[in-house]
1. Rounded to the nearest 0.05, what FRET efficiency is calculated for Asn429 and Asp473 with R0 set to 22 Å and r the Cβ-Cβ distance?
2. So what's the gap between the Cα centers of the range 75-154 and the range 210-227, to the nearest angstrom?
3. Which lysines, if any, have their Cα less than 25 Å from the Cα of Lys215, not counting same-chain residues under 8 positions apart?
4. Where does the charge balance sit around Asp475 when Lys and Arg score +1, Asp and Glu -1, over other residues with C-beta under 10 Å from its C-beta?
5. Once amide H atoms are placed 1.01 Å from N in the peptide plane, what residues at a sequence separation of 5 or more from Ala474, or on another chain, have their amide H within under 5 Å of its amide H?
6. How long are the semi-axes of the equivalent ellipsoid of the range 267-390, taking √(5λ) for every eigenvalue λ of the Cα gyration tensor, in whole Å from largest down?
7. Give the aspartates and glutamates whose C-alpha is closer than 13 Å to that of Lys277, dropping any in the same chain fewer than 8 places away, or say none.
8. Which whole-number percent of Cα pairs in the chain have a distance greater than 43 Å?
Amino acid sequence: MFRHPFRCFSIIGIYSVMCISPNMTAGQDTDAPTTDKALSRKTVDHPKMLELRYDEDFSYLDDPTYDYEPDLFDPLKNIDLGQGWSLTLGGEFRFRLESETNKAFGSTEPANDTFELYRYMLHADFKYRNLFRIFVQGASMFDEHRDLPLRGIDENRWDIQQLFADLRILGEDLPLTLRVGRQDLLYGNERFISPFRWGNVRRRFDGVKLFAKGKTWNVDLFYVKPVPVQRKQRDRFNEDFDFYGAYATYKGIPNHGLDLYALAINNTNKTVNPNGKVGDTTRYMLGTRFWGKHGPLDYEAEIAGQWGRWAGDTIQAWSWTIDSGYTFADVTWKPRFGVGFDWASGDEDPFDGKVGTFNQLFPLGHKYFGYMDLIGRQNITSLNVNLAAWPIAKKVKTRMAYHTFWLNAKRDAIYNAGGGAGRRDIFGNSGREIGHELDLTVAYKIDKHQSMLFGYSHFWDSDVIIKTGPSEDADFFYVQYQMKF
């Protein structure tokens, strides 16, 4: 008896068609007797292209208890290689046109720069039952027609994005997995650990991770080193930078979740702290995040503290976030109105032997402090109000967000989304108000594989910008096409 029907597809169609008779349910054997189990089949909405491609599961293709809509790329998924081995292939193409004006508030020439970003990625996932796997992902990312200096997040041609092996060290029926190699990391809501999906070059790490996924708890332990882009040679991990920690998620409360984490970095690269001293950094961090939904109301709160030493100075830093939204589900377009507040400490006194500037680690800052990436989660107080709506359900989402930014410590710097220090008044005479940003986006889901994104942002500068140098308002426009398979 066949376990599953043949998978065939049209090379000119968008979706494939199953090779079964009209009276037969997908995945059902022609000579199988009708039973209660056969009648109680599960329908799944697949395929799902995830942010972490190694988490995708295509086992439903060979499970006779599932019904699913056939897809053009089904023949590339869960390919039976025999002897318990299977292979899944996939990839991504992304193109984005960006046009920016005065993103340095008039400090650079040319003031306007319009350019294109391209990203190509292919991956192969080899699995031996549920016991062992090898995941490899190659990537080529580059830009064209950029007039301003090349950024580290723009270009990395023909390199290994991920290459790791997984082993269930207690057997395939117990979900304790050891992962060794180059890998993407994503935890929580990406405030501190993210593969940085917005950047043309995704963030990755070399190292080891031990993790277990249960019904009520997920627990990860990891020790990794970041892999910076090295354009004249193959990328290699930073030998002088250690990043390690534990991250746990409790899932036992219906419609809610709780994260608990302990993280640390040890950086022996000589870097300059906010007090102007140069030296090594050892930083520890404890934090927790709680989120949930009750009817139309969703909410989230996160708090984290840091301590350690940087160039001989004592680290004492904090960050906290509150975010909430209300969805009017019975109203046309199902609008959601949201409010968010972010606070991250700065360095109050550059001469007291203490570092109060919070370190945002490896975030997706683009998600929280405006899409222009002018502001990061360091020495910042930020309030935003936002409104999202779905003019075409499951196809088009529109969103508007308005941010206001203030310095926490007047004598510390403005830090951008990458954590780099910018404008600073060491005497604190320029006030606290940095400016305001408006973000407008339209996301269009063409189908399960393709999407478009359109965005426009404007930044109005205020006291700190105006009093510390050139002070031109900034604009940012972009259009993006993405295809995953």
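Here, each number is a calculation from the coordinates, and none is a lab measurement. Since the structure is predicted, the reported quantities are computational estimates derived from the model, not experimental observations. Methodologically, a virtual Cβ is constructed for each residue, glycine included, from the backbone with ideal geometry; neighbour enumeration extends over all protein chains shown.
1. So the FRET efficiency works out to roughly 0.45.
2. 24
3. Lys215 reaches Lys37, Lys42, Lys48, Lys127, Lys251, Lys293.
4. -2
5. Correct list: Phe459, Asp461.
6. Values: eigenvalues 260, 39, 25 Å².
Semi-axis lengths for the range 267-390 are 36, 14, 11 Å.
7. Asp313, Asp352
8. In whole percent, the share of Cα-Cα pairs in the chain beyond 43 Å is 19.
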